[in-house]
Amino acid sequence: MPSYKAPLRDTRFLMNEVFDFESHYKTLPNGEEATPDMVEAILSEMAKLCENTVAPLYQSGDEEGCRLENGQVFTPKGYPEAYSEFVAGGWQGLSHPVEYGGQGLPMSLGLIKHEMLGTANWSFAMYPGLSLGAMNTIQMHGTDEQKETYLTRLTEGTWAGTMCLTEPQCGTDLGQVKTKAEPGENGSYKITGTKIFISSGDHDLTENIVHIVLARLPDAPAGTKGISLFIVPKYLPGQIGEDNGVSCGALEKKMGIKASATCVMNFDQATGFLIGPPNQGLECMFTFMNSARVGTAIQGVAHAERAYQASLPYAKERRSMRALSGKKDPEQVADALIHHGDVRRMLLKQKAYAEGGRAMAYFTAMYADHMIAGMLENDQKKYGKWDSELGFLTPILKGFLTEKGLEAANEAMQVFGGHGYIKEHGIEQIARDARIATLYEGTTGIQALDLLGRKVLLTSRGKCVRSFSKNLVDFGRQNLKDAKLRPYAWKLLKIAAEWNYLTTRIMLAATKDRDIVSTASYDYLMYSGYAMMAYFWALQAATARDKLEHGGNEPAEFYKAKLATAEFYFERLLPAAKGHADAALKPTRSTMQMSAEHFSFDYE
């Protein structure tokens, strides 16, 4: 099984040299403690925890899985001890308020921590990761009493959290939610219903689990306007171990992330407490959903990185045939795989997606820092501005990066050949684990509809695309006269123009044929992902070139590798964007003309 090594050099390159996080943190009300020394200590200590404690449980946890015995879910061997070590280090509350026991550091540090933890072992990272969404929701919408009661214990990590949305009859269409909430004693409610696909729904890592549950009040209107949000703990505060009507009915049997407990949760007159205004649960839940989707986007980066770390050493060690340009290892019976052009293509693709995706995620994390700053400063205008900016980026990152993480995992399997299909090498596990990332927190199609239908067309009328693409235009104009950066500058200018043209064409077409929003949305999202990643690879190339000429923190070969990978991305991967643009503009007829009855004549 391939070992995991935290990519600290690349993390430092992005934080210190590309994005200048040190200056960024000085602009934040909670950034004073995020000094370079503090950040370095956090990175190095998290790397140790991930490499030495969490990563070794990756394969064993997959083989053992979780088990349900007498209504209690048990995680695989080593998980409780690893989680205790995680909690003892204060990692859960890294980016949460000091008044509730956290360290009060910027959210971006929490996301970077989550990337390392998830790359080491995504199943393990799911447990504290789900708690973060619950913590964010309670912090933003809970009463002072709810914050004191629940947020303190969630922050220290002795309690965990979940999100309970999906039901057997509905997935993304939450307007069909049937779980009931009936008024109880002292302002409480009795929650009754069944939720499915609940990650971390039950486990043995914490003494209590706090469920954030969507349910309907008796007089609620139909559809999404009639959903409220409730805090429903497994055990009521002060009554640990006493039944509160919350139970795990079954564990889902999954193809991947088997060490993460995915539960069918039953609520039988469980005592819960309203969080946020009545019938506005979906709006409140979006706090949870957006943070969860950014976390899932990081899973795409994690699996691309994990796949690359596995396939690179194999490609250097495994020998097969001779390179077409002549012997590279003449003293050996055959040349190493890495000397073959197609293997290099697959390795560079993994590297480009991992490092390009990491840059996209870190940039987005800075937006999240500004959004939280608006909340801390009680500045609704500032909060709204950055929440809107983050809302545009979220579906692109979630949809594009998870698809590319899966693609990278599949390429790693190709590098390994038949050995990639065998469990002992661990590659098939990475591919199985990566598959779910494109599905949960909204499938790629749902992300695409959210991006094009809601964020681009309805909410901003294309303004969000114009706003972000200005970054591409600015880079292009600033670097057109630079001979070495001109190819990137020119391509970014063309992409910016094409991205806005594509948006306008779809917007106009949608006035006559609404189906185009659906038929074009996937290709539009993928185009947006390629365009966005191109910008971040251009930034990395410009930074690497500058550091080569004027000196940087890393060795020269590191910067040369960055330039080579950027060139590969622009020449070999970015052209795929053109195909997505062409497909997005095609009339809906070829997709929509066939009647549902004619899709098959033999299978009914």
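The values are calculated or read from the model by the stated rules, or taken from the named source; none is laboratory data. What you are looking at is a predicted structure, and each value in this text was computed from that prediction instead of being measured. Glycine also receives a Cβ, built like all others from the backbone with ideal geometry; neighbour counts cover every protein chain displayed. Protein only, heavy atoms only, side chains kept; ligands, DNA and RNA dropped before computing areas. Shrake-Rupley method; radii C 1.70, N 1.55, O 1.52, S 1.80 Å.
Restricting to the range 138-169, name every residue that is open to solvent by 10 Å² or more (accessible area, probe 1.4 Å), closer than 18 Å to residue 286 by Cα and not in a loop (DSSP other than H, G, I, E, B).
Within the range 138-169, 139, 140, 141, 163 meet the criteria.
Need the failing condition index for residue 259 against (1) at pLDDT 95 or above; (2) surrounded by 22 or more Cβ atoms within 10 Å (Cβ to Cβ); (3) among the aliphatic types (A, V, I, L, M); (4) farther than 24 Å from residue 124 by Cα, just the number.
(4)
Filter the range 63-76 for residues that are touching a Ser or Thr at 6+ places or on another chain (Cβ under 7 Å) and surrounded by 12 or more Cβ atoms within 10 Å (Cβ to Cβ) and give the result. It would help to see each step written out before you state the result.
In the first step, residues of the range 63-76 are kept if they are touching a Ser or Thr at 6+ places or on another chain (Cβ under 7 Å); the result is 66, 71, 76.
Once the filter is applied, which keeps residues that are touching a Ser or Thr at 6+ places or on another chain (Cβ under 7 Å) and surrounded by 12 or more Cβ atoms within 10 Å (Cβ to Cβ), the range 63-76 yields 66, 76.
Closer than 27 Å to residue 405 by Cα and in contact with an Asp or Glu (Cβ under 8 Å, 6 or more places away or on another chain): which single residue out of 584, 538, 520 fits that description?
Just one listed residue meets the conditions, 584.
Looking at the structure I just gave you, is residue 276 of a type in the set (Gly, Ala, Ser), within 26 Å of residue 141 (Cα to Cα), open to solvent by 10 Å² or more (accessible area, probe 1.4 Å) and touching a helix residue (DSSP H, G or I) at 6+ places or on another chain (Cβ under 9 Å)?
Working: of a type in the set (Gly, Ala, Ser): yes; within 26 Å of residue 141 (Cα to Cα): yes; open to solvent by 10 Å² or more (accessible area, probe 1.4 Å): yes; touching a helix residue (DSSP H, G or I) at 6+ places or on another chain (Cβ under 9 Å): yes.
Spelling it out, residue 276 is indeed of a type in the set (Gly, Ala, Ser), within 26 Å of residue 141 (Cα to Cα), open to solvent by 10 Å² or more (accessible area, probe 1.4 Å) and touching a helix residue (DSSP H, G or I) at 6+ places or on another chain (Cβ under 9 Å).
Do we find a residue being within 27 Å of residue 19 (Cβ to Cβ) and among the charged types (D, E, K, R) anywhere in the range 423-439?
Looking through the range 423-439, none of the residues is within 27 Å of residue 19 (Cβ to Cβ) and among the charged types (D, E, K, R).
Which of the residues belonging to the range 218-229 are part of a loop (DSSP other than H, G, I, E, B) and open to solvent by 10 Å² or more (accessible area, probe 1.4 Å)? Spell out how you get there, then give the answer.
Restricting attention to the range 218-229, the residues satisfying the condition of being part of a loop (DSSP other than H, G, I, E, B) are 218-222, 227.
218, 219, 220, 221, 222, listed by residue number.
Among 302, 352, which is in contact (Cβ under 8 Å) with a residue 24 or more places away in the chain, over 30 Å from residue 73 (Cα atoms) and in a helix (DSSP H, G or I)?
On the way: 302 fails: over 30 Å from residue 73 (Cα atoms).
Within the list 302, 352, the selection yields 352.
Taking residue 513 as meeting all but one of (1) within 28 Å of residue 450 (Cα to Cα); (2) outside any loop (DSSP other than H, G, I, E, B); (3) of a type in the set (D, E, K, R), write down the number of the exception.
(2)
Take residue 180 and decide whether it is open to solvent by less than 10 Å² (accessible area, probe 1.4 Å) and closer than 21 Å to residue 245 by Cβ. Break it down into steps so the answer makes sense when it comes.
On the way: open to solvent by less than 10 Å² (accessible area, probe 1.4 Å): no; closer than 21 Å to residue 245 by Cβ: yes.
Judged against the criteria, residue 180 is not a match.
(1) over 19 Å from residue 179 (Cβ atoms); (2) open to solvent by 40 Å² or more (accessible area, probe 1.4 Å); (3) small (Gly, Ala, Ser): which one isn't true of residue 249, the others all being true?
Residue 249 satisfies all of (1) over 19 Å from residue 179 (Cβ atoms); (2) open to solvent by 40 Å² or more (accessible area, probe 1.4 Å); (3) small (Gly, Ala, Ser) except (1).
Taking only the range 545-566 into account, find how many residues are surrounded by 16 or more Cβ atoms within 10 Å (Cβ to Cβ), touching a residue at least 24 places away in the same chain (Cβ under 8 Å) and over 26 Å from the mean Cα position of the chain (by Cα).
5
Test each condition in (1) within 22 Å of residue 430 (Cβ to Cβ); (2) touching a Leu at 6+ places or on another chain (Cβ under 6 Å) for residue 103 and report the one that comes out false.
Of the numbered conditions (1) within 22 Å of residue 430 (Cβ to Cβ); (2) touching a Leu at 6+ places or on another chain (Cβ under 6 Å), the odd one out for residue 103 is (1).
Please state which one of 250, 215 is part of a strand (DSSP E or B), in contact (Cβ under 8 Å) with a residue 24 or more places away in the chain, out of contact with any Asp or Glu (no Cβ under 9 Å at 6 or more places or on another chain) and farther than 20 Å from residue 190 by Cβ. Talk me through it step by step, then tell me what you get.
On the way: 215 fails: farther than 20 Å from residue 190 by Cβ.
Of 250, 215, the one residue that is part of a strand (DSSP E or B), in contact (Cβ under 8 Å) with a residue 24 or more places away in the chain, out of contact with any Asp or Glu (no Cβ under 9 Å at 6 or more places or on another chain) and farther than 20 Å from residue 190 by Cβ is 250.
Of the conditions (1) under 26 Å from the mean Cα position of the chain (by Cα); (2) open to solvent by 50 Å² or more (accessible area, probe 1.4 Å); (3) of a type in the set (A, V, I, L, M), residue 210 satisfies every one except a single condition; which number is it?
Residue 210 satisfies every listed condition except (2).
Restricting to the range 26-47, give me the number of residues that are within 24 Å of residue 551 (Cα to Cα) and either touching a strand residue (DSSP E or B) at 6+ places or on another chain (Cβ under 9 Å) or open to solvent by less than 10 Å² (accessible area, probe 1.4 Å) (or both).
Selection size over the range 26-47: 1.
Check every one of the helices (runs of 4 or more DSSP H) wholly within the range 424-499 and list those with 2 or more residues that are over 25 Å from the mean Cα position of the chain (by Cα).
Helices (runs of 4 or more DSSP H) meeting the threshold: 463-479.
A quick yes/no check of all residues on (1) touching a residue at least 40 places away in the same chain (Cβ under 8 Å); (2) within 24 Å of the chain's Cα centre (by Cα):
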{"residue": "44", "(1), (2)": "no, yes"}
{"residue": "50", "(1), (2)": "yes, yes"}
{"residue": "69", "(1), (2)": "no, no"}
{"residue": "74", "(1), (2)": "yes, no"}
{"residue": "89", "(1), (2)": "yes, yes"}
{"residue": "92", "(1), (2)": "yes, yes"}
{"residue": "102", "(1), (2)": "yes, yes"}
{"residue": "118", "(1), (2)": "yes, yes"}
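Do we have residue 267 as closer than 23 Å to residue 227 by Cα and modelled with pLDDT of 95 or more here?
Working: closer than 23 Å to residue 227 by Cα: yes; modelled with pLDDT of 95 or more: yes.
Considered against the rule, which asks whether it is closer than 23 Å to residue 227 by Cα and modelled with pLDDT of 95 or more, residue 267 comes out as yes.
If I go through the range 191-209 residue by residue, how many of them are aliphatic (A, V, I, L, M), more than 13 Å from residue 267 (Cβ to Cβ) and in contact with a Lys or Arg (Cβ under 8 Å, 6 or more places away or on another chain)?
Taking the range 191-209 as the starting set, the residues that turn out to be aliphatic (A, V, I, L, M) are 191, 196, 198, 205, 209.
Subset that is more than 13 Å from residue 267 (Cβ to Cβ): 205.
After this cut, where a residue has to be in contact with a Lys or Arg (Cβ under 8 Å, 6 or more places away or on another chain) as well, the list is none.
Of the residues in the range 191-209, 0 are aliphatic (A, V, I, L, M), more than 13 Å from residue 267 (Cβ to Cβ) and in contact with a Lys or Arg (Cβ under 8 Å, 6 or more places away or on another chain).
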